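Scroll down for the structure; my scribbles are underneath it.
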Amino acid sequence: MKAVNRKVIITCAVTGSIHTPSMSPHLPVTAEEIADAAISAAEAGAAIVHLHARNPIDGRPDQSPEAFAPFLKTIKQRSNVVINITTGGAPTMAIEERVRPAATFKPEVASLNMGSMNFGLYPMLTRFKEFKHDWEKPYLEGSRDRIFKNTFADIEYILRTCAENDTRFEIECYDIGHLYTLTHFAERGIVKPPFFVQSVFGLLGGIGAHPEDVVHMKRTADRLLGADNFRWSVLGAGRHQMRVAAQAVAMGGNVRVGLEDSLWLGAGKLAESNAAQVKNVRQIIEGLGLEIASADEARGILALKGGNSVAF
């Protein structure tokens, strides 16, 4: 895909399940906070919002449909943004629990992790020492000996569960082997193009965030999938967020930002909102002479079913 005469899709992942509430006062936790964060991100230029839910009392990840329902309805009422529901949930959850919100609400987009992996969150314990809630430290420490389970059976279960809903996928690839796994399911006809490939860089357990890693991921995807069969997007974890985004945009890609992926706006400066990160990456995109995609333009690029065909 050429790096000129195109629209760049910005996805914003507003809360996730990686960071814990004690790490930033700006991390959305309640349904109202998540809805407001998503709507503000859309107003700043995000075409897609990637959503997790949390327990409103202590902020722990919550993958129950009941936790998603309040903010899904609010966002839909107040914004035209494309809503993407996670099937990743948290590494501590079983696959049946993780797929329930997407199966229930039939969104335009759902995320899908393309492989089991080590998912190392414990290095954050060197930076954050005090926690408000008793679950936070054990959750991070437990990642030393935890596998984020996404077997072939798990991936097929999610694909087949959502098949009749016309939900398309943000296909999260944390390493080169994940692209081969996507190719396997594509060859079997279980997932069909155009693929929305989200390459993840800099998370401990996956591929690094070196510029050569970014190039290698894109080159491999082109070879395996065919450049016309997928739309490429990237997220850089933590401090890598904007640098990886800038490189990928220059290479013809799309970008994901948000407090799920990084709490920061710059060295030592917490991002006060998801919208601030969207505005930052939008400046990079427009500084390269490119335009951002609207929600409806993103729907056309990714062949989505439209916001009127969801179940919320």
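Every read-out reported here was derived from the displayed coordinates using simple, explicitly stated rules and does not represent laboratory data. Quick caveat, the model's predicted, so the values are computed rather than measured. Cβ atoms come from the backbone with ideal geometry, glycine included; neighbour counts cover every protein chain shown.
Brief remarks on what is shown
- Charge dipole (the chain, unit charges on Cβ, about Cα centre) - positive-most of 71, 210, 81: 210
- Other-chain or far-sequence residues with amide H under 5 Å of residue 262's (modelled H): 238
- Per-residue extension of 0.36 nm, minus the Cα-Cα distance of residue 135 and residue 239, leaves a gain of 34.9 nm for this segment.
- Pairwise FRET efficiency - residue 166 versus residue 66, Cβ, R0 = 41 Å, nearest 0.05: 0.95
- Charge dipole magnitude, Cβ of K and R +1, D and E -1 - region 211-264, Cα centre, debye nearest 20: 60 debye
- Here region 164-185 is scanned for amide nitrogen atoms under 12 Å from the site 7 Å beyond the Cα of residue 152 along Cα-to-Cβ, giving 181-182, 184-185.
- Global geometry of region 7-309, whether rounded, prolate or oblate, following the gyration tensor of its Cα atoms and the 1.5 cut on a/c: rounded
- R0 of 41 Å, Cβ-Cβ distance residue 269-residue 296: FRET efficiency to nearest 0.05: 0.75
- Cα centroid separation, region 235-312 to region 97-140 (Å): 20 Å
- Residues with amide H under 5 Å from that of residue 51, placed H, sequence gap 5 or more: 84, 85, 86
- Estimated FRET transfer efficiency when R0 is 22 angstrom, pair residue 305-residue 229 (beta carbons, to 0.05): 0.70
- In terms of other Cβ atoms within 10 Å, 240, 26 run from fewest to most in the order 26, 240.
- Assuming charge only on the beta carbon of Lys and Arg (+1) and of Asp and Glu (-1), the dipole of the chain about its Cα centre is about 460 debye to the nearest 20.
- Amide H contacts under 5 Å for residue 292: 8, restricted to partners 5 or more places along the chain or on a different chain, H placed in the peptide plane at 1.01 Å from N.
- Sequence of 147, 39 once ranked by neighbouring C-beta atoms within 10 Å, starting from the fewest: 147, 39
- The label point for residue 80 and the one for residue 58, both projected 7 Å from the Cα toward the Cβ, are 4.2 nm apart.
- Karplus-derived HN-Hα couplings along region 151-166 (A = 6.51, B = -1.76, C = 1.60, θ = phi - 60°), whole Hz, x at Gly and Pro: 6, 4, 5, 5, 4, 5, 4, 5, 4, 6, 4, 9, 4, 7, 8, 6
- Among 281, 191, 215, the ranking by other beta carbons within 10 Å of each residue's beta carbon, starting with the fewest, stands as 215, 191, 281.
- Multiplying the residue separation of residue 212 and residue 288 by 0.36 nm and removing their Cα-Cα distance gives an extension gain of 25.3 nm.
- Taking the helices alone, the chain has a mean residue ellipticity at 222 nm of -11500 deg cm²/dmol, built from -39,500 (n - 2.57) per DSSP H run of at least 4 residues and averaged over all its residues.
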